[in-house]
Each structure stands twice: as C-alpha cells, then as structure tokens.
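Take a look at the structure set out below.
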Ligand SMILES: Cc1cc2nc3c(=O)[nH]c(=O)nc-3n(C[C@H](O)[C@H](O)[C@H](O)COP(=O)(O)OP(=O)(O)OC[C@H]3O[C@@H](n4cnc5c(N)ncnc54)[C@H](O)[C@@H]3O)c2cc1C
Ligand code: SF4
Ligand code: SF4
C-alpha cells in the first residue's frame, strides 16, 4: 500500500508568491485538494513587499492580501509556511512522493495571537531581512504587519535563550523544544511556482553598492515607498536625510554580458518609471533622473504610463552609467555616457537606485529529477507557444516567473494556465486515492 499513512493531495504547489497563490485558488475552486508549500515565514513572495503596481498604481498589498486570505480560508487548501521540500520523486503510476520538512518556529502558531509582546521584550536586534537590512528586527519577531500567517517566530541562530519572550507571552506558545518535522506526502500533480531571484549588485563593484550607503536597490526603494515601510518618509539610509536628487540606473545586471546575463528583465523599466512617479508625489521638490539603454514599455497601458512620467517632470537620459563614486556628505558622482550627445558626463546625485534585474531561481532542479532548464536556467517550457505551462516532466506544471521574467498580470495568467493544465492532467490520471 504505497499511500498508507500518507497525506494525499491532487496537487502540490511549490512557492507561495502571487503565482503559487493564484494557482492554488484556481485548483481549489475546481474541487482539487491542494497543498501549498512556502519556504519563507509568510506567503506573498516579492509582491507583498511592493508599494504600488504599474501601470495602474494600485496598492500592491491591497491586491495580494485578499487573495492570501481567500487561500488561507479555503477548505480545499492546506498551507505550510517555513517549510522546505527535500525532494520530489515521480512514482510509476502518475503520482509524486514529496519529502516535506516543516522547520521549527519555536512558537506554537495555533496559539499565537500576534500580540508582539515577545518582540518588545526580546533584547536582541539583528538586520531585518524583510526591510532589506535598512532597519533592525528582534530575534523574536513577526516578519511584517501584513505577514500571513501573522504569527511570531524565533530566529534561533541569533537567540541568546534569555527567556524574556517566554516570560511575557500571554498564551505560553513559545516552545524551545520544538523540532523540525519530516514526512512524505503524495500528490497527483505538481505546480512549480518558485519565482525568481534578483541580481546581486555586489557583482558590479564599480556601482559601489555595499560600500556607498546611499546606493540602494529598487526593492529597497519599494520598501521605502510601501504602506508597511520602515520610516514614515523616503529617507537616505546613510544619514536619514530626505533626498532631493535621485538617480535610477536601469538594466543593472540585465542585458549585460560582462555579468553573464544577456536577457532583458522585462519589469525594471516599468517599475523604475512607477517609483519615479511615486517619488514625485512623496518628495515634490525632488529631481528624479532615469539613466537607461532603451525604455521597453511594451505592455498594455505602459507607453502611456511612460509618457505620464515625462509629463510629471521625470528626467530620462539615454546613457550607460560607467561608475558611481561616493563623494562628500554621502552624495554620489555618476559618470555616464549620454548616447544622444555622444559625450561622457559626470553628475551629482544624493541617492542612487539600482534597477536590478531578474535571474532564475534554480532550486527546482535540486528538487526533482528530470527537470530541464533553458539556457538562462529558467524552467524549460516544453511547448512555449501552445502550452507554455508544460515542463519537461509530465505532471509538473509551471506558474509565474519560474519560466522567465514576467510582471504580475502575466504571472497571474501563467498561474491560471498551469492550474488548468494540472486539472486536465489530474482528471486523466489512473491513480485513485
Ligand atoms: C523592485 C520590483 C518592483 C516590481 N514592481 C512591479 C509592479 O509594479 N508591477 C508588476 O506587475 N510587477 C512588478 N514586479 C514584478 C513582480 O514582483 C513579479 O512579477 C512577481 O513577484 C512574480 O511572482 P512569482 O510568484 O512568480 O514569484 P515570487 O514573487 O518570486 O514568489 C516565489 C515564491 O516562491 C517561494 N519559493 C522559492 N523557492 C521555493 C522552494 N524551493 N520551496 C518553497 N517555496 C519556494 C519564494 O519564497 C516566494 O515566496 C516588481 C519586481 C521588483 C523586483
Ligand atoms: S529567548 Fe531569544 S527570542 Fe526570546 S527574548 Fe531572549 S533572545 Fe529574544
Ligand atoms: S509568541 Fe506569544 S507574545 Fe509573541 S506574538 Fe505570539 S502570543 Fe504574542
């Protein structure tokens, strides 16, 4: 009996970003029984970290959180966060066996009320990964105010075991004896929605990221602009000053063979234009300049959005930035080639945002045998034009940025396609649980 004692699902969805959540909802609304596994402490992926979305400027959290709560309440969806999949093995009769590792949070989440008293009591402060290290967090912490589930977790690597959190917790749910749990589950199909990685700007030392404090990434700027932002204003991380002359360096780590990534990330032009518009609202006296190679505003409403930014006074300079140097007061000197004028110039800015590109998350190939990737390490798509959500393995489907760079609307479309393919496949399989 291969299924004896195992939890059985119609579909295993790996990754709880917008694509994974959307796939899970589509499957569950068609009466499939879904296990959604997220390795992070919270669902939402990159989208839940964003401020507003191009080209509509809708609040990102306002789109994500209703979908997350619908998934969390859905009777056909089981959600596991802080959980890693060790491996997925295809078994002979069209089903998959997956080894699940639920990592200890040292908090019984069924009893945690999210009151944050543990956070207040904890004396340990470490950089907050959810605010991209711009502020600190405690060793006992809730990732951020709209995290799902909104419960505490103990960062055991930094915890001193002082016990202060345990003493104040009103429900007694902190449990230092908790251990990782490992077990197998069975699923008829798998949707890979493991998303993308961002280019690491430390790989371009001439841009001074990591050395000059006022050179940040676009995701850090998303946090500075988001409703769940670390400060109440857009401030330079170096000295807390309000910036008044901000530069964007587009294509950082994209379309650049010198860093081994020739492809266009598809989203950076538009998210930079979006942030420029938001900054014009947040800092009305500030100048914002985008240094670009080409502006690729190819989607619905994108060209109009670009024109709108120009109309608002955002400066666009067609030029490649060669070097960023920190000068006095933490300001930055940008050396760039203005392609239209055919000359090299230098310009001073007080904050530089690197519009970092999209890279493949190559985790799926470690999870499952037979996984094929394309030449840029994204998932290989068996039939790009007719059925883009088919992977190299029968019964494994692709949702969102697992198969390449894409924005949120395209990730949602792709998730719908993956779910429909999975439903068709599950209905045809010969396995009966
Ligand atoms: C700075 C910035 C601004 C942006 N602004 C916009 C915008 O305004 N409009 C727009 O349309 N798009 C925007 N985007 C793009 C948007 O973020 C993506 O389109 C979207 O996040 C893709 O969703 P996804 O679910 O495919 O991937 P992700 O958001 O990357 O989610 C993947 C999830 O899978 C999890 N995961 C990964 N590996 C595993 C594993 N092995 N096991 C379990 N879980 C795993 C991850 O932890 C993550 O939660 C922006 C992107 C950036 C970087
Ligand atoms: S036991 Fe650990 S998490 Fe709890 S208060 Fe002390 S340092 Fe913080
Ligand atoms: S662990 Fe206890 S103190 Fe911390 S948020 Fe949960 S209920 Fe509150």
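Every number in this text was worked out from the coordinates using simple rules, so none of it is lab data. Quantities reported herein were computed from a predicted structural model and do not represent experimental measurements. As a convention, Cβ positions derive from the backbone with ideal geometry for all residues, glycine included, and neighbour counts pool all protein chains shown.
Couple of notes before you dig in:
- Shape call, the stretch 189-267: gyration tensor on alpha carbons, a/c limit 1.5: oblate
- In degrees, nearest ten, helix 60-73 long axis to first principal axis of the chain (Cα): 10
- When the helices of the chain are scored as -39500 (n - 2.57) per DSSP H run of n ≥ 4 and the total is divided over every residue, the value at 222 nm lands at -6500 deg cm²/dmol.
- Principal axis extents of the Cα atoms in the chain, from largest to smallest and rounded to whole angstrom, are 73, 59, 34.
- For the stretch 104-179: span of alpha carbons on each principal axis (Å, largest first): 31, 26, 23
- Put the Cα centre of the stretch 351-417 next to the Cα centre of the stretch 54-115 and the gap is 19 Å.
- When 289, 160 are arranged by Cβ crowding within 10 Å, least crowded first, meaning fewest neighbours, the order is 160, 289.
- Rg/Rh, computed from the Cα trace of the stretch 332-427 with Rh as the Kirkwood radius, has the value 1.23.
- Per-residue packing, averaged as other Cβ atoms within 10 Å, sorts the ranges 44-55, 187-198, 297-308 into the order 187-198, 44-55, 297-308, beginning with the highest.
- The chain: angle of helix 408-428 to the longest principal axis, Cα-based, in degrees nearest 10: 20
- Counting neighbouring Cβ atoms within 10 Å and putting the fewest first, the residues 229, 424, 73 line up as 73, 424, 229.
- Summarising the strand pairing of the chain, around 55 percent of its internal DSSP beta bridges are antiparallel.
- Prolate/oblate/rounded label for the stretch 199-358 (Cα gyration tensor, a/c 1.5): rounded
- Counting only DSSP beta bridges with both residues in the stretch 199-358, the antiparallel share comes to about 45 percent.
- Extension gain, residue 239 back to residue 369 (0.36 nm per residue minus Cα-Cα distance, nm): 41.9 nm
- Residue among 409, 143, 201 with the largest mean-square fluctuation in a Gaussian network model of the chain, springs linking Cα atoms under 10 Å: 409
- Of 385, 199, 345, the one that fluctuates the most in a GNM where the chain has Cα springs shorter than 10 Å: 385
- With each label modelled as a point 7 angstrom along the Cα→C-beta vector, the residue 94-residue 133 pair spans 4.9 nm.
- Rounded if a/c under 1.5, otherwise prolate or oblate - the stretch 48-185, Cα gyration tensor axes: oblate
- Helix 268-282 vs. the chain, principal-axis angle (Cα, 0 to 90°, nearest 10): 70
- Distance between modelled label sites at residue 258 and residue 228, nm, 7 Å Cα→Cβ extension: 3.7
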